[in-house]
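The values are calculated or read from the model by the stated rules, or taken from the named source; none is laboratory data. As the structure is a computational prediction, the values presented were derived from the model and not from experiment. Reconstructed Cβ throughout: ideal geometry from the backbone, glycine too, with neighbour counts over all protein chains shown.
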Amino acid sequence: MEILEDKPGKQILLLGNEAITRGAIEAGIDVATTYPGTPSSEIADTFSLIARSFTKQNKDPGFYFEYSTNEKVALEVAGAASISGLRSLTCMKHVGLNVASDTFMTYMYIGTRGGHVIVSADDPSCHSSQNEQDNRYFALFGGAPMLEPSTPQEAKEMTRIGFDISEELKSPILLRTTTRLNHVRGAITLEKIKKPRKKGDFEKNPMWVTTPAIARARHPELLKMLENAEKISEKTKFNKILKIGKESDWGIITSGVSFNYVKEAVEDLKIDVKILKLGMTHPLPKKMCIDFIKSCKNIIIVEELEPILENQIKQMAYELGCKINIFGKSTGHFSRLFEYNPDIVITAFCKIFKKKSLIKKPKDSKIKLPSRPPALCPGCPHRATYYAAKKAQPKSVIYPTDIGCYTLGRAKPLEMADLLLCMGSNAGTACGLAVATGSKIISFMGDSTFFHSGIPPIINAVHHNHDVVITVLDNRTTAMTGHQPHPGTDFDGMGRPAKKILVEDVVKGCGIKHIEITDPDNIKETTEAFKRALEFKGPSVVISKSPCIILENRDKRKQGEEIPIYEIDQEKCRRCKTCIGRFGCPALYFGEDESVNIDPQQCNGCGHCALICPFGAIHKKEVKK
Amino acid sequence: MKRKINIVLAGVGGQGVITAANILGKAAVKAKVNVFVSEVHGMAQRGGAVNCTVRLGNVSGPLVPTGSADAIVSLEPSEVLRNINLSNKETKIITDITPVIPFTVSTGEDEYPNIDAIFKEISSYSKLYKIDATKIAKDAGAIITKNIVMLGALAALNILPFKKEILLETILENVPSKFKEVNKKAFDGGFKSVKQ
């Protein structure tokens, strides 16, 4: 594997996320944990890929890796390993840190021994998220030292050196990334790989037990740690000043991917300026910032999302009594919304420096393009479950949903998603909707989500006897984020056999009295299962079990099994549009003569359309190669 | 390298756009040219519009400013127009001629535009190279090599700052040995379709 090559100086192309994994490996990582979530997933998937390849050869990869049940558990597993002196990494998407925040906030009080890098992958513009929260606030909130890379090379270096910083400060640190770093490829230069420590030792000490008295003793220690962190921030190579063009009293302060846009924009616009490029953004290098402020008459602050640098720089300028112009979000030159790009930065600079814009007027196409929203795949078992649930109770049902592929059931023609907040929220909001409206409720969550945070609201529904139908869409994988294993699969992230936990066993243990286990490939029976669950007074659970079609077909191909495709008998078809208009499989389309057809390239051979066709016009065709 | 070269790769999820962008990036590293590649993951993957940008030379990040693409390489005709704001009158545009109809057309929410109107529109802005990549890939032996056909076509435009052999070498390094011949044919087929 190229990513494991111990060839210092060699350059390879890596995804930002892979670069973080490589950085951890160079630092001698011992324990890595995660719960998958875009845009963070490939960090952990790369650990998993490495671990599985070693497991296959009966070898030890040198580190332990797991896909934990959720982000909080992931942080606790790696945190305890780090407290025991091992080097650990925990990665998650930004909203994952909300789940882990209870652990995070107090972990910052007690600190750690082995280096611990916590990666938060933020998602400005919500490319694949339910919000665009700025997790730099978590660094300020919890008191965590924070690094913010601009490029894959920096991501690798900050991870590698981050472990040293963490150990020097005896504190976990935050590596805050954004989608445009996680999912960008760039050249990285390999460094030597350190040997892992492998075995930790836990030193018993009352300081690890955060009783109120200990917490009161630890809080001043946390503040002291931040003073030391500031000293590191003053001298780290990650904070630096770049001079572009001639000497100037204009300064730009920036961090993360915004730096890339800033650098190119000032070069292209030929602006004389100095740039304070901040890589360690908490705590800020106060002295460095103050010297920079003093050397400028005008400062532009460029940062995506919240005005975190801007507010701190303003505070410093105020304390200095410095009369300088600060351009940023508060002056309306930059937005608090969405991710930045070269156009946004160039446009703002042109306004500030009164320059003619370099941006060419975009072509204005008169042709209206069809949208291509993401959709449930052809053959997805969730579509069949949704169709069956809709058939069971067509009117006035409220459908709370959850985070995963099945959120896509919101789209036409299914429209099976009415309320969504976050991981696990389906069942909790189901209880509230039942109390408030008295309507029939059918909620939906995936199997991985069930284990992540779906269980406590089920217990709540049982204890308070809420009249809800909670559906677990059990496709035996964490599909949306790239098919990671979870507690319901019989193998783990290192490719080793693992105890498979059945959803039905758990819900039975939670006290659910009415459990329906159904196979959505049998749409009729699944409809009956929903009907029975709806008739039951009190909480019921429907477990709809069928593997993700992508995985199922992948396995079939591996075993040389044939995947059928379906076709429409145009003689029998009456154009009733049930298959397209109500079921909505993307493999179906209207021909130019208004006939309904199945695209053989897209058909995954599930046969659901044949089951729902009222005229028996759909049947299996030849074998797909 | 002082210059910046901006390449946009477009298509629909599942067509191999990300793979093509990744190979282009690896070829650049091999040729010791500075490179950044942006990708689309997650929600947009299946059936969604995919756009990857590859920037080479004196660049700091992967995103292409409006109107500054040197080339747009699209595996689907209408996806060129989705990225047309990145083009200017010097931009070279290569597209496969086979449309992929989105399901929003089936459900009646959208219409797929007339294909000749799409080509006419593109030609009115920029230099358009229409190629039947689907056929070239089929002739090479595997329809999934359509993305490699497009890389071959890109190599014929004389805008890459390295030799086409480096790109081909990188492709062959990144496919299983039993598919090397098919990919080589696909690449050559794509190259010839532009360079006649």
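Just a few scattered comments:
- Qualifying positions in the range B:70-93 - of a type in the set (Ser, Thr, Tyr), out of contact with any Lys or Arg (no Cβ under 8 Å at 6 or more places or on another chain) and facing another protein chain (nearest Cβ under 8 Å): B:SER78
- Subset of the range A:325-339 (residues that are touching a Lys or Arg at 6+ places or on another chain (Cβ under 9 Å) and under 27 Å from A:HIS127 (Cβ atoms)): A:GLY328, A:LYS329, A:SER330, A:HIS333, A:SER335, A:ARG336, A:GLU339
- Selected residue (criterion: nearest to A:ASN604 (Cα to Cα)) from residues of the range A:502-516 that are assigned to a loop (DSSP other than H, G, I, E, B) and out of contact with any helix residue (DSSP H, G or I) (no Cβ under 7 Å at 6 or more places or on another chain): A:LEU502
- Scanning the range B:50-81 for residues that are out of contact with any strand residue (DSSP E or B) (no Cβ under 8 Å at 6 or more places or on another chain), hydroxyl-bearing (Ser, Thr, Tyr) and more than 20 Å from A:ILE346 (Cα to Cα) yields a single hit, B:SER78.
- Subset of the range A:337-360 [within 7 Å of another protein chain (Cβ to nearest Cβ) and at pLDDT below 90]: A:ILE359, A:LYS360
- Residues in the range A:439-469 that are outside any helix (DSSP H, G or I) and surrounded by fewer than 24 Cβ atoms within 10 Å (Cβ to Cβ): A:SER439, A:LYS440, A:HIS464, A:ASN465, A:HIS466, A:ASP467.
Yes/no matrix, rows are residues, columns are (1) farther than 30 Å from A:CYS585 by Cα; (2) within 14 Å of chain A (Cβ to nearest Cβ):
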position	(1), (2)
B:THR98	no, yes
B:PRO113	no, yes
B:LYS135	no, no
B:LYS138	no, yes
B:ILE143	no, yes
B:GLU165	yes, no
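- Strands (runs of 3 or more DSSP E) completely within the range A:279-340 that count 2 or more residues being closer than 19 Å to A:LEU242 by Cβ: A:280-282, A:298-302
- Single condition A:MET423 does not satisfy, out of (1) touching a strand residue (DSSP E or B) at 6+ places or on another chain (Cβ under 9 Å); (2) in a helix (DSSP H, G or I): (2)
- Taken together, the residues in the range A:360-408 that are within 21 Å of A:CYS579 (Cα to Cα), over 28 Å from the mean Cα position of the chain (by Cα) and not in a loop (DSSP other than H, G, I, E, B) amount to 6.
- Qualifying residue in the range A:220-232 (condition: away from every other protein chain (no Cβ under 14 Å), of a type in the set (Val, Ile, Thr) and exposed (fewer than 14 other Cβ atoms within 10 Å of the Cβ)): no
- Here the condition is being in contact with a Lys or Arg (Cβ under 6 Å, 6 or more places away or on another chain) and crowded, with 20+ Cβ neighbours inside 10 Å; of A:GLY115, A:GLY96, it holds for A:GLY115 alone.
- Close pairs from the range A:556-571: first on the phi > 0 side of the Ramachandran plot and surrounded by 13 or more Cβ atoms within 10 Å (Cβ to Cβ), partner part of a loop (DSSP other than H, G, I, E, B) and acidic (Asp, Glu), Cβ under 6 Å, at least 6 apart: none
- Residue ID - farthest from A:PRO378 (Cα to Cα), chosen from residues in the range A:549-595 that are β-branched (Val, Ile, Thr) and facing chain B (nearest Cβ under 10 Å): A:ILE580
Residue by residue, here is whether (1) touching a strand residue (DSSP E or B) at 6+ places or on another chain (Cβ under 8 Å); (2) among the basic types (Lys, Arg); (3) farther than 15 Å from A:GLY162 by Cα holds:
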residue: A:GLU203; (1), (2), (3): no, no, yes
residue: A:TRP208; (1), (2), (3): no, no, yes
residue: A:PRO212; (1), (2), (3): no, no, yes
residue: A:LEU222; (1), (2), (3): no, no, yes
residue: A:THR236; (1), (2), (3): yes, no, no
residue: A:ILE241; (1), (2), (3): yes, no, yes
residue: A:LYS246; (1), (2), (3): no, yes, yes
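- Applying the criterion of at least 2 residues that are over 34 Å from the mean Cα position of the chain (by Cα) and hydrophobic (A, V, I, L, M, F, W, C) to the helices (runs of 4 or more DSSP H) found wholly in the range A:517-625 leaves A:608-612.
- When A:ARG372 is tested against (1) more than 7 Å from chain B (Cβ to nearest Cβ); (2) surrounded by 15 or more Cβ atoms within 10 Å (Cβ to Cβ); (3) of a type outside the set (A, V, I, L, M, F, W, C), only condition (1) is not met.
- Just one residue in the set B:GLY57, B:GLY61, B:GLY67 is facing chain A (nearest Cβ under 7 Å), surrounded by fewer than 24 Cβ atoms within 10 Å (Cβ to Cβ) and not aliphatic (A, V, I, L, M); that residue is B:GLY67.
- Residue identified as surrounded by fewer than 24 Cβ atoms within 10 Å (Cβ to Cβ) and under 18 Å from the mean Cα position of the chain (by Cα) among A:SER120, A:SER128: A:SER128
- Some residue of the range B:179-188 being surrounded by fewer than 16 Cβ atoms within 10 Å (Cβ to Cβ) and either farther than 23 Å from B:VAL80 by Cβ or at pLDDT below 95 (or both): yes
Condition check ((1) outside any helix (DSSP H, G or I); (2) in contact (Cβ under 8 Å) with a residue 12 or more places away in the chain; (3) in contact with a Pro (Cβ under 7 Å, 6 or more places away or on another chain)) across all residues:
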| site | (1), (2), (3) |
| --- | --- |
| B:LEU24 | no, yes, no |
| B:VAL33 | yes, yes, yes |
| B:THR53 | yes, yes, yes |
| B:THR66 | yes, yes, yes |
| B:SER78 | no, yes, yes |
| B:ASN85 | no, yes, yes |
| B:ASP110 | yes, no, yes |
| B:ILE122 | no, yes, no |
| B:LYS130 | yes, yes, no |
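- The conditions of being at pLDDT below 90 and either more than 19 Å from the chain's Cα centre (by Cα) or within 9 Å of chain A (Cβ to nearest Cβ) (or both) are met by B:GLY108.
- Scanning the range A:138-152 for any residue that is of a type in the set (A, V, I, L, M, F, W, C), more than 14 Å from every other protein chain (Cβ to nearest Cβ) and under 26 Å from A:ALA187 (Cβ atoms) turns up at least one such residue.
- Those residues of the range A:236-280 which are β-branched (Val, Ile, Thr) and away from chain B (no Cβ under 14 Å), in sequence order: A:THR236, A:ILE241, A:ILE253, A:ILE271, A:VAL273
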